[in-house]
Amino acid sequence: MSSSTSSVLAISAARESKIRKLSEVSHHKTMDHATVLPWEQPIDRSLYPKDPEHLWINGTAFCEGLSEEQKLELAWLETGRDISMFIWLEQTIPPLYMGYVTQFHDRISQDLQEYLMIFSKEEIVHTLTFKRFMAKAGLEIWNPPKGLYELLTVTLPKLEPAVGVLFTLLIEWVAEMGAMHTSQGAAVEPMTRTLFREHHYDEARHIAFGRWISESFFETASAQAIAQVKAMSHKIVPALVDMFTYNPEVAQHTSFTFPIQPHEHEKIEQVWRSAHNARLNEQRFAEIYAWIDKLGLRP
Ligand SMILES: [Fe+2]
Ligand SMILES: [Fe+2]
C-alpha cells in the first residue's frame, strides 16, 4: 500500500499541460443537449442509420434470404444496440470518476480532478442525449452489456484509478470507433450521422486523456501491477470485440424469426469468426489494435 501522500493518476508535466488544454476546449465547446440535433425534425426510419455492408450477419449464410425490409429493420436494431451500449456504459463513468475525486481529493492534482469532473459531466449529457434520440426514433433499450456493466460498476471502483481509466478507455474506444466507422457515409440517416459525429468530438478528448493516463501507468507501475492488468485485458478485449461484433440478443427484438436463436452457440461462433467480421474489425479497430498491441494488452 502506498503512503497517503503519494499521488494518484500521476503523469508527466508535459502530459498534465495537455490535459489542461483538453479542459479549456471542453469549457468552450462541448456537446449541448438542446442544440446538438434539430430535435423538431423527424428521424427518417426509411433510411439506413449505418452502412448496410456492416450488418452483423452480413457476409454469412444467415443473411441470405433476408428481405430488404428485414435488413433495414436489423440496421435500426443494431444502431439501437450501439446507442444502448453507450447509455449503459457511459452512465457508469460519472460515479466511477467522481468516486476518484472524492476518495483521492488530496492525492490527485487539481488539473486532473478538473478533467475528471468535465469528463463525468460530458458523459451525463451524452447519456441524456442518447436516451432522447432512442425515444424519438422509437427504439427499445437493450439489456446491459454482459460482464462489462459489472466490470465498470463493481470491479473497477475497487482497483486503482489508472486501471479504471484504462478499461474505461478500451470499452469507450471500441464503441466509439465502431459507431463512427459505420455512420458517417453520405447515405446514412442524417440525424443519426450528426448524433455520432457530435459525440465523437467529445470522445476524441476522452480517448486522448485515457491514452495519456494509461501510458503513464505502464511507464511507472510495478511489473506485478502491469502483469495483472495484462491478464485482465487478455480476457476482456476479445470478449468486448465479440460483443460489439454480434450480440445474440438481436433475436429477441426482430419482428420476424431471426435465423440465429440466443442458445445456438455454434451459429453465434460462426458469425463472430466470419471472414467478413474479421476484416471489418481489422479495419475499424486498426488504431486501437496498434495501441493495445504495443502495450501487450491483447492475447
Ligand atoms: Fe460519451
Ligand atoms: Fe466518453
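Each value in this text was obtained by applying a stated rule to the coordinates, not by laboratory testing. In this text the structure is predicted, and so the values were computed from the model without any measurement. Heads up, the Cβs are rebuilt from the backbone with ideal geometry, glycines too, and the neighbour counts pull from every protein chain shown.
Counting neighbouring beta carbons within 10 Å and listing from fewest to most, the residues Tyr97, Tyr289 come out as Tyr289, Tyr97. In the chain the Cα-Cα distances spread across 5 Å bins starting at 0 as 1, 5, 12, 16, 18, 16, 13, 9, 6, 3, 1, 0, 0 percent of all pairs.
Each of the peptides 139-147, 24-32 was scored by the mean count of other Cβ atoms within 10 Å over its residues; in descending order, highest first, they stand as 139-147, 24-32.
Among Lys235/Lys294; Lys121/Lys146; Lys21/Lys146; Lys146/Lys230; Lys29/Lys230, which pairs are too far apart, with a Cα-Cα distance over 27 Å? Pairs exceeding the cut-off: Lys21/Lys146; Lys29/Lys230. Counting only alpha carbon atoms, the long axis of helix 68-90 and the longest principal axis of the chain meet at about 20°.
What is the angle, in °, between the Cα long axis of helix 161-183 and the longest principal axis of the Cα atoms in the chain? Nearest 10 is fine, range 0 to 90. With both axes taken from Cα atoms, the answer is about 30 degrees. Sequence gap at least 6, Cα distance under 8 Å: using those rules, report the relative contact order of the chain to the nearest whole percent. It comes to 27 percent, rounded to a whole number.
Let me have the 222 nm mean residue ellipticity of the chain computed from DSSP H runs of 4+ only, each contributing -39500 (n - 2.57), with the sum over all residues rounded to the nearest 500.
Dividing the helical sum by the residues of the chain leaves -21000 deg cm²/dmol.
The residues packed around Phe258, meaning those with a beta-carbon under 13 Å from its beta-carbon, carry a net charge of -2 if Lys and Arg are +1 and Asp and Glu are -1. Every Cα-Cα pair in the stretch 40-136 was counted, and those over 21 Å apart are 52% of them. The ratio of the alpha-carbon radius of gyration of the stretch 67-216 to the globular-protein estimate 2.2 N^0.38 Å is 1.10. Let a ≥ b ≥ c be the square roots of the eigenvalues of the Cα gyration tensor of the stretch 196-250; is it rounded (a/c under 1.5), or, if not, prolate (a/b larger than b/c) or oblate? In terms of gyration-tensor shape, oblate. For Lys136, the lysines whose Cα falls under 20 Å of its own Cα, not counting residues fewer than eight places away in the same chain, are Lys50. The separation of the stretch 27-99 from the stretch 110-167, counted between C-alpha centres, amounts to 16 Å. Using the Cβ-Cβ distance between Ala135 and His28 with R0 set to 41 Å, the FRET efficiency from 1/(1 + (r/R0)^6) comes to roughly 0.90. Nearest 10 degrees, 0 to 90: what angle lies between the long axis of helix 286-295 and the longest principal axis of the chain (Cα atoms)? For helix 286-295, the angle is close to 40 degrees. Compactness of the stretch 201-287, taken as the C-alpha radius of gyration over 2.2 N^0.38 Å, stands at 1.47.
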